[in-house]
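Worksheet for the structure shown next.
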Amino acid sequence: MAPGPPSGPTTQTAPPLLLCEALGFSPQLLLDDIINIANNAVQDGVNGMEDFLNKWADERDARGDISVTSSDATTYEVEQGLVAFQTLLEYHTDFAFDFFEAWCLRNIFAIPPDLPVVLPHHAGLDLTTTPEQEQDAMDELDALRAQLDGQRKFNRLLKRSVKASARQRTQAETRLSHISTLRAPLDTLHALPDKFHAMYTTVSSLPPLEVSPTVDLTEPGKRQWETSRSGYVNWALSRLLVRTDEGTGHGAVDKMDSAAASIGNGEALRRALHEVDTVQRDLASVQHQQPSDEPEDDSRMEE
């Protein structure tokens, strides 16, 4: 069968692709396998001929029909003959199978240009599209690609955010473990405001203290009697009054009694001392539970 006329670029490209899809394999690969099998057969024939000629030459030498010089010449002729025989076989094989390959691709594995080809899974499909429809499909494909890129970037941001959140959580848990020892002192301090309020109420019920007149401060670096004549007179009078109070029965005990009486009666003082003692005990318990690096704050609170 003579090969048909050459066709255009569309019929040169599309039908072979459809042929490979319909057959499930490439025709070129099948032809290459056939040619390789033929070449292997030629090589086997050359190897068999070489074994036969070497055996014939050895038997001839064993019978002693020829001399040593003739034996070397026979070996050389066998080698040259095998090379020529192999070259001739390979030439005819290549020429024949090149023609066979071209004939198969143009006749057996060829689809005529005027023959419409429809594969089973393409049956019923409308493959006719306008340029506008193709452009719309390409635009939609570009939009989907952009959306996919955005989702990938969003996923990368989410992964980084998850790692940052895990790192911050670890730091927060570490800080919480450091301050967890302060919970017990804080629970004790919650009860202190009520006790302070009770102490304030008790102290507020006491009568006010009488404020005694104070002496004006002297100049820095000078005693009272060194400032002026009036300062000396005031100092002398104060000394005389102190001696007079001590001589008339106003000693230290009398002064303590009068000071206590000026503050309040015995029952009120007892209640105030009881409240102060309770607050001091609570503060002492908190001081023992807190770390040792805060003694100065606890002493100030007790004062």
Reported to two decimal places, what Rg/Rh ratio describes segment 132-181 when computed on Cα atoms with Rh from the Kirkwood expression?
-> 1.53
Quick one: length gained pulling Glu134 to Ser180 fully straight, 0.36 nm per residue minus the C-alpha distance?
-> 9.8 nm
³J(HN,Hα) computed for each position of segment 146-155 - Karplus, 6.51 cos²θ - 1.76 cosθ + 1.60, integer Hz, glycine/proline x | 5, 5, 5, 5, x, 5, 5, 4, 5, 5
Hey, how much of the P(r) for segment 9-122 falls beyond 25 Å, as a percent of Cα pairs?
-> 51
Set the Förster distance to 35 Å, then compute FRET efficiency between Ala41 and Ala73 from the Cβ-Cβ distance, nearest 0.05.
-> 0.65
Sites Ala172 and Leu148, calculated FRET efficiency, Cβ-Cβ separation with R0 41 Å, nearest 0.05 | 0.70
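Bear in mind these aren't lab numbers, they're just calculated from the coordinates by the rules spelled out. Predicted model, so just to flag it, every value in this text is computed and none were measured. Neighbour counts are summed over all protein chains in view; Cβ atoms, including those assigned to glycine, are modelled from backbone coordinates with ideal geometry.
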